[in-house]
1. Look at residue 57 and say whether it is part of a strand (DSSP E or B), out of contact with any Lys or Arg (no Cβ under 6 Å at 6 or more places or on another chain), more than 22 Å from residue 160 (Cα to Cα) and not hydrophobic (A, V, I, L, M, F, W, C).
2. So how many residues does region 156-179 have that are at pLDDT 95 or above and open to solvent by 30 Å² or more (accessible area, probe 1.4 Å)?
3. Within region 67-85, can you find the residues that are more than 11 Å from the chain's Cα centre (by Cα) and in contact (Cβ under 8 Å) with a residue 24 or more places away in the chain?
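The values are calculated or read from the model by the stated rules, or taken from the named source; none is laboratory data. In this text, all values refer to a predicted model and were calculated from it rather than measured experimentally. Methodologically, a virtual Cβ is constructed for each residue, glycine included, from the backbone with ideal geometry; neighbour enumeration extends over all protein chains shown. Heads up: the accessible areas ignore ligands, DNA and RNA and are worked out on the full protein's heavy atoms, side chains in. Shrake-Rupley method; radii C 1.70, N 1.55, O 1.52, S 1.80 Å.
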Amino acid sequence: MAVWLLLLLLLLAAVALLLLRRARLRRGVPQPLGRTLFNLTTGDIVQHEGRDWVVEDRLLYDDDGFQWLEYLLRDGSEGRWLSVCEDDWLEVSWLEDVPAAELEGLTADFPEHLRCRGQLYHLRETGRASVTAAARVMNQRLTGCRYGDYEGADGRVLSLERWEEGADPGPPELSLGLRIDPAAPLLLPGDGRSVYR
């Protein structure tokens with residue numbers, strides 16, 4: 001008899017928990033989201049290489065339906081880009097801006113080979129993408145860019161972007177970095193506010 005009473009109490013407790021959960025969902029109480037490489041927002045923290053980087057913006061690139069993300073990260077006066085591309089494999093890169101003047105071999109828009117800081121890079125792909133920014137108050141829909149992605153030895157990557165702004169868009173934007181293990185950065189939720197604006 002005591003066993004049946006205990007089972008009845010456990011059943012009632014399970015039903016009560018289920019009803020409480022349904023009521024919470026109906027009220028629209030937000031469930032806490034874990035951070036992934038696909039849902040970082042302004043103010044979130046990316047811990048990598050012993051430093052805390054704050055997400056300042058999220059750029060969504062779209063090349064005829066193929067999309068990837070780039071997050072602008074800041075730690076004090078330094079900035080980095082966390083690039084997330086899901087194709088056959090999840091490719092994550094950690095990049096920093098470099099002056100285009102450091103490029104050697106820029107004889108065409110996107111030549112087959114480039115040299116930068118003593119390293120040789122080979123063209124992997126080029127294209128044109130529209131770009132949408134998430135955290136900007138103004139200019140959220142950027143004009144778009146033509147891009148060239150290059151690979152070097154030992155996981156090195158080079159990104160070359162030519163923004164489509166007017167008749168003379170100026171020099172290309174250059175970012176250098178490395179492919180990293182997608183599990184390497186620790187992703188922490190922030191408060192949704194920019195630290196540097």
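1. So residue 57 does not fit the description; no.
2. Summing the residues that are at pLDDT 95 or above and open to solvent by 30 Å² or more (accessible area, probe 1.4 Å) in region 156-179 gives 3.
3. 74, 75
Per-residue answers, yes or no, for (1) in contact with a Leu (Cβ under 9 Å, 6 or more places away or on another chain); (2) at pLDDT below 95; (3) open to solvent by 50 Å² or more (accessible area, probe 1.4 Å):
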| position | (1), (2), (3) |
| --- | --- |
| 38 | yes, no, yes |
| 44 | yes, no, no |
| 78 | no, no, yes |
| 100 | yes, yes, no |
| 103 | yes, yes, no |
| 106 | yes, yes, yes |
| 120 | yes, no, yes |
